[in-house]
1. Residues that are assigned by TED's automatic domain parsing to the domain that holds PRO204, at pLDDT below 90, buried (at least 16 other Cβ atoms within 10 Å of the Cβ) and of a type in the set (Gly, Ala, Ser): does the range 123-134 have at least one?
2. Taking the stated definitions as given, is ASP190 modelled with pLDDT of 85 or more, of a type in the set (D, E, K, R) and surrounded by fewer than 16 Cβ atoms within 10 Å (Cβ to Cβ)?
3. Across the range 53-74, what is the total count of residues that are surrounded by 18 or more Cβ atoms within 10 Å (Cβ to Cβ) and aliphatic (A, V, I, L, M)?
4. Is there any pair linking a residue in the range 166-189 that is more than 13 Å from ILE210 (Cβ to Cβ) to one that is crowded, with 18+ Cβ neighbours inside 10 Å and aromatic (Phe, Trp, Tyr), with Cβ under 7 Å and at least six apart or on different chains, and which?
5. Check whether at least one residue in the range 198-219 is under 21 Å from the mean Cα position of the chain (by Cα) and free of Cβ contacts under 8 Å to residues at least 12 places away in the same chain, and report yes or no.
6. Criterion first (surrounded by fewer than 15 Cβ atoms within 10 Å (Cβ to Cβ), among the small types (Gly, Ala, Ser), more than 27 Å from ARG90 (Cβ to Cβ) and in the same structural domain as LYS144 (by TED's automatic domain parsing)) does SER208 satisfy it?
7. What are the residue pairs meeting all of these: first residue in the range 55-69, first residue in a helix (DSSP H, G or I), second residue modelled with pLDDT of 90 or more and not acidic (Asp, Glu), Cβ atoms under 6 Å, and 6 or more apart or on different chains?
8. So which residues in the range 182-209 are closer than 16 Å to PRO146 by Cα and part of a loop (DSSP other than H, G, I, E, B), if there are any at all?
Amino acid sequence: MVTIAAFVMFFVFSYDTLNKIPAQTNNDKLTESAIRGKNIWESNNCMGCHTLFGEGAYYAPELTKVHVRRSEEFLRMLLKDPNAMYPGKRKMVKYDFSDGEIDDLIEFFKWCSEVDLNGFPAEPFLKKYTTGSNVSSAASNEMKKPDIFDKLCLTCHIFHGMGNKMEGAPILDDIGSVRDRDYLERWLKDPTSIKKNSLMPKFPLSDSTIQELVDFLSNQK
């Protein structure tokens, strides 16, 4: 009798779990692009270095929620040339992906980030902020915010209550009072030239984009 009851309970719980899978995995959002991205992920053995959904190796970052932690612009630059962004760090293979393949990988990462894994992975030390009491003062200090600012800078920094707070990344509200133009320009061109062990990536920014950012940041006082 106990065996039969245990079997019935096992069957009920299994049936309930299986019924939840489609909703938790967002099957309806698994686009053709995401499927192509998954194929690229598998054919290049990305799990030889990374983990995804807790599976894989532990040499490189866990990527289940990478689309939440990093902007698409950040991911696009990294996948184009990872070693240029992190010189002297652990080396990721430069795969020479086409723009279309990079778009597919990002779409795959987006789908992965939306899968309901019952709390896995745990929230990272990166904390996301969406509101702040100084938004109005931010507006008064904005000459013209460069388009790239929200896409890259707010991935790790806080600006008047908006963005993400990564450990070691300064708040940018009054960065113009702390650093002069020359420092900001050198930092944006190559962070490791100022701080050897800097965690900030060396973004492949054009001189004109760097000047736009320097103009904007130096005005934040």
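1. For the range 123-134, residues assigned by TED's automatic domain parsing to the domain that holds PRO204, at pLDDT below 90, buried (at least 16 other Cβ atoms within 10 Å of the Cβ) and of a type in the set (Gly, Ala, Ser): present.
2. Spelling it out, ASP190 is indeed modelled with pLDDT of 85 or more, of a type in the set (D, E, K, R) and surrounded by fewer than 16 Cβ atoms within 10 Å (Cβ to Cβ).
3. Looking only at that region, the number is 2.
4. LEU172/PHE159; ASP173/PHE159
5. Yes, there is a match, as at least one residue in the range 198-219 is under 21 Å from the mean Cα position of the chain (by Cα) and free of Cβ contacts under 8 Å to residues at least 12 places away in the same chain.
6. yes
7. Listed pairs, sorted by first residue: VAL66/PHE109; HIS67/PHE109; HIS67/LYS110; HIS67/SER113; VAL68/SER113.
8. Correct list: PHE203, PRO204, LEU205, SER206.
The values are calculated or read from the model by the stated rules, or taken from the named source; none is laboratory data. The structure displayed is predicted, hence computed values, not measured ones. Glycine gets a Cβ as well: all are built from the backbone with ideal geometry, and neighbour counts include every protein chain shown.
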